Structures are given as structure tokens and as C-alpha cells.
Amino acid sequence: MTRLLNIGSINIDYVYQVPHFLRAGETLEAVSRAIFMGGKGLNQSVAAKRSGLEVIHLGVLGADGTFLRDFMQTEGIDVRFLRTDNTLPTGHTVIQVTPDAENAILYFAGTNHAIDRELVREALRTLETDDFVLMQNEVNDVGFCLTEAKKQGLVTIFNPAPYSPEVLNYPLDQVDVLIVNETEARGILGADLADDDEILKSLRERFPHAAIFLTLGKRGMKCDLGQGLQPMSFKAFKVKAVDTTGAGDTFVGYAVRALMAYRETKDIKVFKKEIETAMLAAATSVTREGAVPSIPKINELTLAAKTGD
């Protein structure tokens with residue numbers, strides 16, 4: 001079975017329900033607070049694992065994050081390349097969630113910026129050609145990881161979230177699969193394009209050899225796999241949103257499953273079916289609170305598809 005190595009962040013999420021986003025100079029009383037496991041890396045590893053994939057996670061925790069390691073092991077994620085740094089706190093976020101389910105996130109990297117290059121090399125050496133390597137933009141040395149992965153003939157997937165100008169300094173020509181939302185796409189392109197198709201076309205010109213996924217929130221998702229195939233559009237499922245935190249990460253994890261299925265079968269119908277599952281997974285996640293707790297398992301989606309829920 002094709003394996004996925006996720007070189008990814010792991011966070012403790014502090015989620016506050018608020019009447020509105022905090023304004024400059026304002027003191028605002030939160031309605032409630034909850035503590036969740038999160039981080040784009042952890043979210044995507046959990047989503048990929050719950051979709052049925054074999055997942056290895058590389059990352060660093062602080063002494064305050066041992067419960068996160070325990071959880072990942074319970075999920076069935078391979079944590080042999082998960083290290084502990086007792087000199088730093090685990091990465092964490094402070095998340096504001098409004099009544100209409102919008103969120104604003106303050107992120108502190110902590111141990112997510114303490115990944116060692118030799119650990120990366122060690123993990124990559126355990127993979128075989130055509131295994132997948134997934135990265136986000138919440139850890140250090142993304143450029144190094146991309147370059148080392150391609151040296152070994154691995155399939156590189158990059159989700160440049162959260163976007164920062166530093167992304168433009170990465171060796172993006174080493175990216176085989178790019179998964180971006182509109183904000184990330186505009187940042188990479190350096191253009192404030194409004195039309196979805198124009199954004200996708202510009203990304204294709206910028207990344208002529210990569211498969212490209214453009215997520216559009218409530219408007220769905222567009223993708224261009226290249227290889228002479230026509231771009232595809234997928235509608236979002238209509239649901240009552242409770243918390244959108246982690247929806248994009250849920251999609252990414254399940255989209256990796258779709259990519260692996262397509263790579264093995266070369267059947268575009270199989271790919272489309274798997275992407276519909278990824279869209280359903282993301283839609284299901286926004287009906288639940290939190291990041292990790294909101295990510296559905298593949299059997300839940302099968303049931304939802306049968307019942308129409």
C-alpha cells in the first residue's frame with residue numbers, strides 16, 4: 001500500500017465562542033471556551049488516516065503535548081518520527097468562533113519550528129519511490145523537505161496554509177500537487193484575481209507540471225490534474241455550519257486518498273467518486289465543533305451518503 005508521510009504541525013487549540021471578532025482596543029467576554037487537539041499537520045494526518053490511508057507523521061511536541069502523541073497512536077498513526085523537545089512549548093492557537101461559524105486564528109509555532117533536518121532525512125529514507133509526502137506552512141524548513149523528497153522520487157503535496165510571503169522563496173517547482181484556497185492562490189500568483197477559472201488558469205501557467213486543487217468554501221472546489229485532462233468542478237454539500245475550523249484540512253486528508261486511488265487505477269471516474277467523498281467529509285466536519293473531533297471516518301460518510309444526511 002502507498003504510504004503518506006506528513007511532515008506537519010501539531011497544536012493545542014484554545015477555542016472561544018464570541019459574539020464577534022475582537023476589535024483593536026476592545027475587551028470582549030467570550031461565551032465559552034473549549035480545548036481541542038489541532039494543527040494543520042495533525043488535522044490532515046487524522047483525516048488521511050480516517051479515510052483509510054497508512055499515515056506516518058513527522059513532527060515535534062513539547063513536554064505539554066504528550067497527550068497528543070497518545071491520541072495519534074490510538075488513531076493508528078505511525079509516530080516513530082514524532083520527537084519531544086522539553087525546551088519549548090507545543091505549538092498552539094487561540095481561535096475565535098462567531099455565531100455564524102466564522103473563525104479567526106492566532107497561531108504560536110512553538111515546537112513546530114524545531115524539526116531537525118536529519119530527522120527528515122531519516123524518515124524519507126524509509127519510503128519507497130512514489131510514496132506521498134505532505135507538507136503545510138506551519139513548520140520550519142519546508143523548502144528543504146520538498147527538495148529532499150523529490151531527490152528520492154516521492155510525490156510531494158504542498159498546502160501553503162497559513163500563507164506567508166516566505167512561500168514564494170520555497171522551491172515550488174518541486175511540488176507535484178498544490179492544494180490552495182483563494183487567499184493562498186492570490187498570494188502565490190501575486191495578483192488579486194476574482195474569477196475562479198482565471199485563478200485556476202493562472203496557477204496552471206505557474207505550475208505546468210503539478211496537479212492543482214483550488215478550494216472555494218461554500219462554492220465548492222475546482223481542480224486541474226494536467227496530463228491533458230480538462231479542469232473539473234465539484235459543488236459543496238449544503239449543510240448547517242457550526243464551526244468551519246479544520247474543514248480545509250479534512251478535505252486535504254481525503255483528497256490524498258483520491259490522488260492515491262487515481263494514481264493506482266488511472267481511472268478518472270474513480271478519482272471523481274473519491275473527490276465527492278472528500279467534499280462530503282469536509283461538509284460533515286463543519287457541522288461539528290473543533291478541528292480533530294469534527295473529522296469524520298470513512299464509514300460515517302458511507303452511511304451519510306446512503307441516508308442523505
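The values are calculated or read from the model by the stated rules, or taken from the named source; none is laboratory data. Quick caveat, the model's predicted, so the values are computed rather than measured. Positions of Cβ are backbone-derived with ideal geometry, glycine not excepted, and every protein chain shown enters the neighbour counts. Calculation scope for accessible area: heavy atoms of the full protein, side chains included, ligands and nucleic acids excluded. Shrake-Rupley method; radii C 1.70, N 1.55, O 1.52, S 1.80 Å.
The rows are residues; the columns are (1) closer than 28 Å to Ala258 by Cβ; (2) under 16 Å from the mean Cα position of the chain (by Cα).
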site	(1), (2)
Pro99	no, no
Val120	yes, no
Gly143	yes, no
Ala149	yes, no
Pro160	yes, yes
Val177	yes, yes
(request) Scan the stretch 83-107 for residues that are closer than 24 Å to Thr287 by Cβ and outside any strand (DSSP E or B) and jot them down. (result) Thr98, Pro99, Asp100, Ala101, Glu102
(message) Of everything in the stretch 272-286, what is under 16 Å from Pro231 (Cα atoms) and either open to solvent by less than 20 Å² (accessible area, probe 1.4 Å) or not in a helix (DSSP H, G or I) (or both)? Give them in sequence order.
(response) Ile275
(request) Could you identify the single residue in Arg69, Arg80, Arg33 that is without any contact (Cβ under 8 Å) to a residue 24 or more places away in the chain, basic (Lys, Arg) and not in a helix (DSSP H, G or I)? (result) Arg33
(message) Every residue in the stretch 1-30 that is open to solvent by 60 Å² or more (accessible area, probe 1.4 Å) and free of Cβ contacts under 8 Å to residues at least 60 places away in the same chain, please.
(response) Met1, Arg23, Ala24, Gly25, Thr27, Glu29
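Can you find even one residue in the stretch 178-189 that is closer than 23 Å to Leu106 by Cβ, in contact (Cβ under 8 Å) with a residue 24 or more places away in the chain and charged (D, E, K, R)? Give the steps one after another, and end with the answer.
Applying the first criterion (closer than 23 Å to Leu106 by Cβ) to the stretch 178-189 yields 180-184, 186-187.
Filter once more, keeping what is in contact (Cβ under 8 Å) with a residue 24 or more places away in the chain: 180-182, 184, 187.
The next check asks that each one be charged (D, E, K, R); those that pass are 182, 184.
The answer is yes, given that some residue of the stretch 178-189 is closer than 23 Å to Leu106 by Cβ, in contact (Cβ under 8 Å) with a residue 24 or more places away in the chain and charged (D, E, K, R).
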(request) Please state which of the following conditions Lys269 fails to meet, knowing it meets all the rest: (1) basic (Lys, Arg); (2) assigned to a loop (DSSP other than H, G, I, E, B); (3) over 20 Å from Ala48 (Cα atoms). (result) (2)
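If we keep just the residues of the stretch 91-107 that are of a type outside the set (Gly, Ala, Ser) and open to solvent by less than 20 Å² (accessible area, probe 1.4 Å), which is farthest from Glu148 (Cα to Cα)?
Taking the candidates together, the pick is Thr98.
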(message) Need the failing condition index for Thr244 against (1) out of contact with any Gly (no Cβ under 6 Å at 6 or more places or on another chain); (2) without any contact (Cβ under 8 Å) to a residue 60 or more places away in the chain, just the number.
(response) (2)
(request) Select from the stretch 108-127 the residues that are open to solvent by less than 50 Å² (accessible area, probe 1.4 Å) and part of a helix (DSSP H, G or I) and write down the one among them that is farthest from Ile12 (Cα to Cα). (result) Leu124
(request) Looking for whichever is hydrophobic (A, V, I, L, M, F, W, C), in contact with an Asp or Glu (Cβ under 8 Å, 6 or more places away or on another chain), open to solvent by less than 70 Å² (accessible area, probe 1.4 Å) and not in a strand (DSSP E or B) here; the options are Leu203, Leu193, Leu214. Which one fits? (result) Leu203
(message) Suppose we filter Gly59, Gly41, Gly52 for residues that are outside any strand (DSSP E or B) and touching a Gly at 6+ places or on another chain (Cβ under 9 Å); which single one remains?
(response) Gly41
(message) With the requirement that a residue be modelled with pLDDT under 95, open to solvent by 80 Å² or more (accessible area, probe 1.4 Å) and part of a loop (DSSP other than H, G, I, E, B), what does the stretch 217-236 give you?
(response) Gln227
(request) Check whether at least one residue in the stretch 173-184 is hydrophobic (A, V, I, L, M, F, W, C) and assigned to a helix (DSSP H, G or I), and report yes or no. (result) no
(request) Could you pull out the residue among Leu61, Leu88 that is in contact with a Ser or Thr (Cβ under 7 Å, 6 or more places away or on another chain) and open to solvent by 60 Å² or more (accessible area, probe 1.4 Å)? (result) Leu88
